[in-house]
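The values are calculated or read from the model by the stated rules, or taken from the named source; none is laboratory data. All figures in this text were calculated on a predicted structure; none of them were measured in a lab. Glycine gets a Cβ as well: all are built from the backbone with ideal geometry, and neighbour counts include every protein chain shown. For the accessible areas, the whole protein counts, side chains as well, though only heavy atoms, and no ligand, DNA or RNA atoms are used. Shrake-Rupley method; radii C 1.70, N 1.55, O 1.52, S 1.80 Å.
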Amino acid sequence: MSEPRDLEQSQSSNDDRSSKRFVSDLWNTATSRFKDFNPLANIRQTVFNWFSVSEERLAEILTTVRQELPTTEALLLGKPQAGKSSIVRGLTGVSAEIIGQGFRPHTQNTERYAYPSDDLPLLIFTDTVGLGDTRRATDELIAELIGDLQEKTHRARVFVLTVKINDFATDSLRQIAEQLRQKYPEIPCLLAVTCLHELYPPNIDDHPEYPPNLKEIDRAFNAIQQNFSGLFDRAVLLDFTLEEDGYTPIFYGLEALRDHLAELLPEAESRAIYELLEDDAGEQLGNLYRDVGRRYILAFSVIAATLAAVPLPFATMPVLTALQVSMVGVLGQLYGQVLSPAQAGGIASAIAGGFFAQTIGRELIKIIPGLGSAIAASWAAAYTWALGEGACVYFGDLMGGKKPNPEKIKAAMKEAFESAKKRFKGH
Ligand SMILES: Nc1nc2c(ncn2[C@@H]2O[C@H](COP(=O)(O)OP(=O)(O)OP(=O)(O)O)[C@@H](O)[C@H]2O)c(=O)[nH]1
Ligand SMILES: [Mg+2]
């Protein structure tokens, strides 16, 4: 056992060692932090965040939009006994009770079936009453259907137009499909052709590999597509039978049906999302992009003012124009549009319209020593700002899937120009 002094000594040497370790740890962390402390990187990150739309915010808005988006709906349409309920059964697994006997109309009222379950309704299948059913006037059914469709639910929808492969008495159904297509061009339509085995040659008593490669089927399928041309976006061959019918698989073509729906639904949903974006969500998203856009516009406007302050008339015009065109290019990129300088130039002159003419006039002011340049500078800045705002409206419409509205752009430019002129006048 060492002497008390040693202990103290060892204690103090321990303290010494641990404080040394503490200091060296502190030093290492500080140096490593300092090594990591890269003010340039932070500035770069800050500037990057400043000039880019925050993904989190974007995701937040889109998530709320998605949450607001009611469940997507697939509406089954077709004549009685065409196989509508069989498709619903094939996709949702509901019992065969909903299926008819094959000769008299079965479904009496519109029924909705949630898929995969009522508590998690990712998709709603709306099974309708057969159109052209003598008992209930088709017009009444159409009115009911349109009534449902008119409900402003922002619901994404897909029509599933069901036609038996050997049914060519489909004039009234085609008229109804035309009516719906006209009224709801945004709702995609899947043409489902059913009961294939009714056209199988006698030597075939079960389903061939899918898709069937039989001329009888091809001929009829092409004729039906011809008959409904322009009224559907995709077509699929199906044969959904009951267990007791003895065909395998029972749901022949189910995968193909799912694939087509899977391709059409996002389109329907994205359209529904766009519709939703018409409302406040669209406003929020628009503002999110607009706010970031304005940071670019400010930078470009300040540069434009500096350029325009050069007291040599017309000297700066080409540079100013080039600057404004690259601003439009950068804003395009922000909104997800990759543009060549020529395209950006085209857009700049398209949305600027009359403003350019005025530019010329302003340049002449430069002749007035001292004063000219100041006016030209604030004018150039204000004009660049207005052009930027106009470009944001233009690209915002494109991003919203809408055709850019020239009046809206001009109004936005005018308003922006007036307020920017005031803002830049002080400078
Ligand atoms: N073989 C075959 N039979 C089918 C097919 N689709 C439906 N069926 C049969 O045709 C009959 C009518 O089918 P449903 O699904 O009830 O037809 P629906 O269009 O809902 O008829 P309604 O409710 O009356 O409008 C039933 O006996 C089905 O088994 C199919 O693709 N192939
Ligand atoms: Mg039915």
* Mind checking which pairs have a first residue in region 388-409 that is more than 12 Å from Ile347 (Cβ to Cβ) and assigned by TED's automatic domain parsing to the domain that holds Met327 and a second that is open to solvent by 60 Å² or more (accessible area, probe 1.4 Å) and part of a helix (DSSP H, G or I), Cβ under 7 Å, 6 or more apart or different chains? -> Gly400/Tyr274; Gly401/Tyr274
* To do: Could you grab me the full set of residues in region 108-139 that are out of contact with any strand residue (DSSP E or B) (no Cβ under 9 Å at 6 or more places or on another chain), away from ligand 1 (no atom under 15 Å from the Cβ) and either at pLDDT 75 or above or assigned to a strand (DSSP E or B) (or both)?
  => Asp139
* Structure fact -> Listed by first then second residue, the pairs whose first member lies in region 75-96 and is without any contact (Cβ under 8 Å) to a residue 40 or more places away in the chain, whose partner is more than 6 Å from ligand 1 (Cβ to nearest atom) and open to solvent by less than 20 Å² (accessible area, probe 1.4 Å), with beta carbons under 8 Å and at least 6 positions apart or on separate chains, are Val88/Leu76; Val88/Phe125; Val88/Asp127; Thr92/Phe125; Val94/Val88
* Asked: Exactly one of (1) away from ligand 2 (no atom under 16 Å from the Cβ); (2) within 16 Å of Ala74 (Cβ to Cβ) is unmet by Gln226. Its number?
  -> (2)
